[in-house]
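To keep things clear, I will list the structure first and then write my remarks on it.
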Amino acid sequence: MDAELTDRERIAAAIGELVDRGYTTMPPWSVCCSNCGWAEIARRVDAPRDDLPQDLKTVWWHEQNDSYAFAEGAGVIPQTTAFMEILDHIEDDEADQWLQEHAHDIEADSVLARLTEYATLRAPLYLHWLGDKNEIAAALRAQGLRVTIPFDETKCLVVLPMQTAFRARPVNGEVVLEIDDEQIQLTAEDARKLVRRLNQAARQAEQQMPHL
């Protein structure tokens, strides 16, 4: 694991390993949503959308997921800082025509922005998949990424932002919970209650995860 890699580079490295093992994938900016994504996977394996091969192995995410996870908002079209400076100098009455004439440049710059300025996970990244969920998770974890594996086979795998760190330790008969740089001191009974509530919330959160 290379400490200098960005989250996006880590994910790309893991996906590369999985491609070598027979998984099909595609760039996230090539499809806008899950429906388009599954249609594209079907096209790539030359199979009907509703009759994919039973042995198909695939892992991918789409543009909306990418914007949500890396740019902090689904539907966001990230642009590089340099490109935004160009946009700032366009007169309002010329903007619509300019945007139409430079649609290809905007799309290309968005991809560049994702690869460079939007390469750190800021929210969960939902991965659509078929195959072995444990194999996929292991490849991602081998790159130092945090991954949640769903119990339900119809739910997405989730890659979590790296910045959150948890630690719980006993101190003088109580429990100190550390989340990043914050500390919360709990009685043993309160700690047990918190665990129960977290488990309940985790089950509810999984039920809310996007379906494949």
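The values are calculated or read from the model by the stated rules, or taken from the named source; none is laboratory data. This one's a predicted model, so the numbers in the text were calculated from it and none came from an experiment. Here the Cβ positions follow ideal geometry from the backbone for every residue, glycine too, while neighbour counts run over all protein chains shown.
Screening region 43-66 for residues that are under 24 Å from the mean Cα position of the chain (by Cα) and of a type in the set (D, E, K, R) and picking the one that is nearest to Ala139 (Cα to Cα) gives Lys57. Which residue out of Ile86, Ile106, Ile11, Ile90 is of a type in the set (A, V, I, L, M), under 28 Å from Ala123 (Cα atoms), outside the structural domain of Lys155 (by TED's automatic domain parsing) and surrounded by 13 or more Cβ atoms within 10 Å (Cβ to Cβ)? Unique residue meeting the criteria: Ile106.
Just for region 109-139: of the residues that are surrounded by 18 or more Cβ atoms within 10 Å (Cβ to Cβ) and charged (D, E, K, R), which one is nearest to Ala205 (Cα to Cα)? Across region 109-139, the extreme among qualifying residues is Lys133. Check whether at least one residue in region 118-137 is more than 21 Å from Pro28 (Cα to Cα) and at pLDDT 80 or above, and report yes or no. Taking every residue of region 118-137 in turn, at least one turns out to be more than 21 Å from Pro28 (Cα to Cα) and at pLDDT 80 or above.
Among residues that are in contact with a helix residue (DSSP H, G or I) (Cβ under 7 Å, 6 or more places away or on another chain), in the same structural domain as Arg146 (by TED's automatic domain parsing) and either loosely packed, with under 13 Cβ neighbours inside 10 Å or in a helix (DSSP H, G or I) (or both), Phe70 is included. Taken over region 114-140, residues that are within 21 Å of Ala82 (Cβ to Cβ), among the charged types (D, E, K, R) and in a helix (DSSP H, G or I) amount to 1. The requirement of being among the small types (Gly, Ala, Ser) and in contact (Cβ under 8 Å) with a residue 60 or more places away in the chain is fulfilled somewhere in region 144-163, by at least one residue. One residue alone among Arg122, Arg43, Arg146 is charged (D, E, K, R) and in contact with a helix residue (DSSP H, G or I) (Cβ under 8 Å, 6 or more places away or on another chain), and that residue is Arg122.
Is one or more of the residues making up region 163-178 part of a helix (DSSP H, G or I) and out of contact with any strand residue (DSSP E or B) (no Cβ under 6 Å at 6 or more places or on another chain)? Looking through region 163-178, none of the residues is part of a helix (DSSP H, G or I) and out of contact with any strand residue (DSSP E or B) (no Cβ under 6 Å at 6 or more places or on another chain).
With the structure loaded, tell me whether Ala168 is at pLDDT below 90 and within 16 Å of Glu206 (Cα to Cα) or whether it fails that test. Criteria not met by Ala168.
Restricting Arg122, Arg141 to those that are within 19 Å of Asp66 (Cβ to Cβ), in the same structural domain as Trp29 (by TED's automatic domain parsing) and of a type outside the set (A, V, I, L, M) reduces the list to Arg122.
Conditions tested, residue by residue: (1) out of contact with any strand residue (DSSP E or B) (no Cβ under 9 Å at 6 or more places or on another chain); (2) farther than 23 Å from Ser34 by Cβ; (3) in a helix (DSSP H, G or I); (4) at pLDDT below 80.
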{"position": "Leu52", "(1), (2), (3), (4)": "no, no, no, no"}
{"position": "Ile77", "(1), (2), (3), (4)": "yes, no, no, yes"}
{"position": "Phe83", "(1), (2), (3), (4)": "yes, yes, yes, yes"}
{"position": "Trp98", "(1), (2), (3), (4)": "yes, yes, yes, yes"}
{"position": "Ile106", "(1), (2), (3), (4)": "yes, yes, yes, yes"}
{"position": "Asp109", "(1), (2), (3), (4)": "yes, yes, yes, no"}
{"position": "Leu112", "(1), (2), (3), (4)": "yes, yes, yes, no"}
{"position": "Gln143", "(1), (2), (3), (4)": "yes, yes, no, no"}
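Check whether at least one residue in region 186-208 is outside any helix (DSSP H, G or I) and not assigned by TED's automatic domain parsing to the domain that holds Asp20, and report yes or no. Checked region 186-208: at least one residue is outside any helix (DSSP H, G or I) and not assigned by TED's automatic domain parsing to the domain that holds Asp20. For beta carbons closer than 7 Å, sequence separation of 6+ or different chains, a first residue in region 79-104 that is without any contact (Cβ under 8 Å) to a residue 40 or more places away in the chain and a second that is among the acidic types (Asp, Glu), the qualifying pairs are Gln79/Asp109; Thr80/Asp109; Thr80/Glu117; Thr81/Glu117; Phe83/Asp109.
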